[in-house]
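Chemist: There's a structure below that I have some questions on.
The values are calculated or read from the model by the stated rules, or taken from the named source; none is laboratory data. Just so we're clear, the structure is a prediction, and the values are computed from it rather than from any experiment. Don't worry about glycine lacking a Cβ; one is built from the backbone with ideal geometry, like all the others, and counts go over all protein chains shown.
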């Protein structure tokens, strides 16, 4: 499987888990991604991995993932993102004191 990375000095480990659900939370300093597997017998989900990201890293992940999804959809002619999905680019506004 080809890797998509936002950094050139990334080293991989052998750790891999399967998840069919993800929840995302954030505050002013970090993003938390909680990956889980649905247990159909118990009608619950089991968290298999939590990842905390700095905001900049979360933004880089969003860009890399968007590119990988776009390539997947083109290669396999299969839409995997909901039709009503869109990303709004928010630009930080600097408040300048004008006098």
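Chemist: Let me spell it out: the conditions are (1) in contact with a strand residue (DSSP E or B) (Cβ under 6 Å, 6 or more places away or on another chain); (2) within 28 Å of residue 89 (Cα to Cα), and residue 37 meets all of them except one. Which number is the exception?
Modeler: (2)
Chemist: Which condition number in (1) in a helix (DSSP H, G or I); (2) touching a helix residue (DSSP H, G or I) at 6+ places or on another chain (Cβ under 9 Å) is the one that residue 68 fails?
Modeler: Exception for residue 68: condition (2).
Chemist: Is there any pair linking a residue in region 74-90 that is farther than 15 Å from residue 63 by Cβ to one that is assigned to a helix (DSSP H, G or I) and modelled with pLDDT of 85 or more, with Cβ under 9 Å and at least six apart or on different chains, and which?
Modeler: 78/72; 79/73; 80/69; 80/72; 80/73
Chemist: Okay, next question. Name the one entry in 66, 77, 54 that is over 11 Å from the mean Cα position of the chain (by Cα), at pLDDT 90 or above and under 26 Å from residue 16 (Cβ atoms).
Modeler: Going through 66, 77, 54 in turn, the sole match is 54.
Chemist: Of these, 8, 86, 45, which one is modelled with pLDDT under 95, over 17 Å from the mean Cα position of the chain (by Cα) and in a loop (DSSP other than H, G, I, E, B)?
Modeler: Details: 86 fails: over 17 Å from the mean Cα position of the chain (by Cα); 45 fails: in a loop (DSSP other than H, G, I, E, B).
That would be 8, the only listed residue that is modelled with pLDDT under 95, over 17 Å from the mean Cα position of the chain (by Cα) and in a loop (DSSP other than H, G, I, E, B).
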